[in-house]
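Asks: Just dropping this structure here.
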Amino acid sequence: MNEKIKLSIVIPLYNDKEHIVPCIQSLKQITEKISCEIIVVDNNSTDGGILSVEEFFPSVKIIKNRENRYFAKANNQGFKVASGEYVATLNSDTEIVEDPFIPMIEYMEKHPDTGIISCPLYFPDGKLQGTRRKFKDIPAFLAEFTPFYIFLKIKFLRNYLKNLYYESNNGLPSSPVETLVIQGALMLFKKDFLDKLGGFDETFRLSFTDDEICIRTAKLGYRVIFLPYG
């Protein structure tokens, strides 16, 4: 009898040959601890990255799209074939340094009202990323998606906008905290809840996908949790 898979990790890929191999290599420490499957959904990349995955990681499940289906649709494709009790989405430019998945799974098992959970993410220079935040509002939208972004060159305006909705600028909390939005670069769900949720809203290609899925999670009565340790 095949061992039941505990965790499925879904990685959308689009022209990121530079990072996809180190990303999957970094997951080896996870696969050695729990039963795990890795699913790469390629959005019609042209840089040969998916060929590297096929060459170096024959056990990885691969879905090849004939077009760029973007973040939401690609993840949902992976979610549908995932057979793990838990399912994570992970960006292809991410590397796992210390195993965050087992502590997150343990937390969810103790707190079944948790719908989505994530953990700290760091830039290559060791600085903490804005992993948890408030909902993006009009100032944030103007900063990111219109010509108003030129004002981000003014340092005090840039810092103001970051502090407006990122909660992690003040460092890590000392214990797990409920938050409004978790960055989509790494999200962990229980599979049965993810099926109930229906995955990401495919009307959004890239932006606001994380906001939207966290809003629906809260409406269903589940919590969005940030775990400050791994």
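The values are calculated or read from the model by the stated rules, or taken from the named source; none is laboratory data. Because the structure is predicted, anything quoted here is derived from the model rather than measured. We work out accessible area using only protein heavy atoms, side chains counted, and drop any ligands, DNA or RNA first. Shrake-Rupley method; radii C 1.70, N 1.55, O 1.52, S 1.80 Å.
Asks: Given segment 1-91, what helices (runs of 4 or more DSSP H) lie entirely inside it while holding 3 or more residues that are modelled with pLDDT of 95 or more? Can you show your working first?
Replies: Details: elements: 17-26, 28-31, 49-56, 70-81.
Answer list for segment 1-91: 17-26, 49-56, 70-81.
Asks: Which is open to solvent by 70 Å² or more (accessible area, probe 1.4 Å) and over 20 Å from the mean Cα position of the chain (by Cα), of Lys33, Lys80, Lys73, Lys61? So that I can check it myself, show each step before the final result.
Replies: On the way: Lys80 fails: over 20 Å from the mean Cα position of the chain (by Cα); Lys73 fails: over 20 Å from the mean Cα position of the chain (by Cα); Lys61 fails: over 20 Å from the mean Cα position of the chain (by Cα).
Unique residue meeting the criteria: Lys33.
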